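A short worksheet on the structure shown next.
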Amino acid sequence: MERVEAELFTDGGNDAVVRLPGRRFPGLLVQGDTLSVLSADVTELVQLCAAGDLEEAHRAAALLQQDLGEKLQRYTDALDAHGERRPF
């Protein structure tokens, strides 16, 4: 393990926006439990699609879209607050 200093653009809670040394743009730090939930949500969506349950698949996709949209909004808000250019 290597210890490094990182720039923290938001509080250190879930979905912290940080820039690691040597990187031009900040990233979003996703905690392991959150990553596991996102993975489970995608798995559920794939299974619902495979089963042909489009109504439930749409519901699951909408929830996932909302969650990822909130994370993206947190990221863009943090960059905007610090006068940083977005990488997209």
| note | Taking GluC sites (Glu not before Pro) as exposed when in a DSSP loop with at most 14 other Cβ atoms inside 10 Å, the chain has its longest clean stretch at 6-88
| remark: For the chain, longest principal axis from Cα atoms; helix 32-51 axis from its Cα atoms; angle between them, nearest 10 degrees, is 30
| With contacts defined as alpha carbon pairs under 8 Å and 6 or more residues apart, what's the relative contact order of the chain in percent? | 22
| message | Could you check the spin-label model distance between F88 and L20? Points 7 Å from the Cα along Cα→Cβ, value in nm. | response | 1.9
| remark: Which of (1) 1.15; (2) 1.34; (3) 1.44 gives Cα Rg over 2.2 N^0.38 Å as computed here? It is (2)
| field | Loop-exposed trypsin sites (Lys or Arg not before Pro) per DSSP, neighbour cap 16 Cβ within 10 angstrom, longest uninterrupted part of the chain | value | 25-84
| Pairwise centroid distance, computed over Cα atoms, of the stretch 1-56 with the stretch 67-85, Å | 14
| Relative to the longest principal axis of the chain, what angle (0 to 90°, nearest 10) does the C-alpha long axis of helix 54-81 take? | 10
| said: Give me D15, D53 sorted ascending by neighbouring Cβ count inside 10 Å, so fewest comes first. | reply: D53, D15
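No lab work stands behind these numbers, since they all come straight from the coordinates. All of these numbers come straight from a predicted model, not from anything done at the bench. Neighbour counts are summed over all protein chains in view; Cβ atoms, including those assigned to glycine, are modelled from backbone coordinates with ideal geometry.
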